[in-house]
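The values are calculated or read from the model by the stated rules, or taken from the named source; none is laboratory data. What you see is a predicted model; the values in this text were computed from it and never measured. Cβ coordinates were reconstructed from backbone atoms using ideal geometry, including for glycine residues, and neighbour counts include every protein chain displayed. Surface accessibility is based on the protein's heavy atoms, side chains included, excluding ligands, DNA and RNA. Shrake-Rupley method; radii C 1.70, N 1.55, O 1.52, S 1.80 Å.
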Amino acid sequence: LPAAGDVSAGRTHSLALTLQGEVYAWGSNVHGQLGLAAEKPHPQPRLLCLTSAVEAALEAEEAAAEPAEAEAAEGLAAEAEAQRRGRASRATGQWALRQLVGSSAVVQVAAGHLHSVFLLRTGAVYCCGAGSAGELGDGRLSDSATPRRALLDLPARAVAAGGFHTLALGEDRAVYGWGSSTCLGQLLDTS
């Protein structure tokens, strides 16, 4: 394993981020928490190709957005928003996709109980692994071996993963959380 700049340990898996921005993962992969398609465990650190995973996630977002593109009046506003967030859309083609993937160096990793969190240089947050409590932050309640982009409306500065929840420190210095409401209620109760 090359020199690490960040490490994190989950219940049965671990993550390491090298000084060059490469991510290594090892341990159990039953829920896809290593970001690898095969469910088998990996006792030795495996280099993850997150650029491919981010590209696949963006292509899935693009495909899901196709029906909405029929609304031409909203097209320009959606395009501006897509460019602001660095996401690809049909109208921008591959340009925005390459822009995000090209700048997608991971700057922080966090391992939760059975999920993993990756903070990109752009401030985007991607999660994979167990998602039954919403800890992946993409609006679904399902596991994913492919990192999915969390639905955070602004760039994040830092991330943390708990047992069944994820936290992000937004660029506005507010704390955002998703996942188990039991965990979040205890952590984010400001009364």
Can you tell me which residues in segment 153-167 are under 17 Å from residue 133 (Cβ atoms) and either of a type outside the set (Phe, Trp, Tyr) or assigned to a strand (DSSP E or B) (or both)?
159, 160, 161, 162, 163, 165, 166, 167
Yes or no: segment 91-109 includes at least one residue that is at pLDDT 95 or above and buried (at least 17 other Cβ atoms within 10 Å of the Cβ).
yes
Filtered residue count, segment 139-149, keeping only those that are outside any strand (DSSP E or B) and surrounded by 22 or more Cβ atoms within 10 Å (Cβ to Cβ)
0
Within segment 1-21, residues being within 15 Å of residue 108 (Cα to Cα), open to solvent by 20 Å² or more (accessible area, probe 1.4 Å) and without any contact (Cβ under 8 Å) to a residue 60 or more places away in the chain number 5
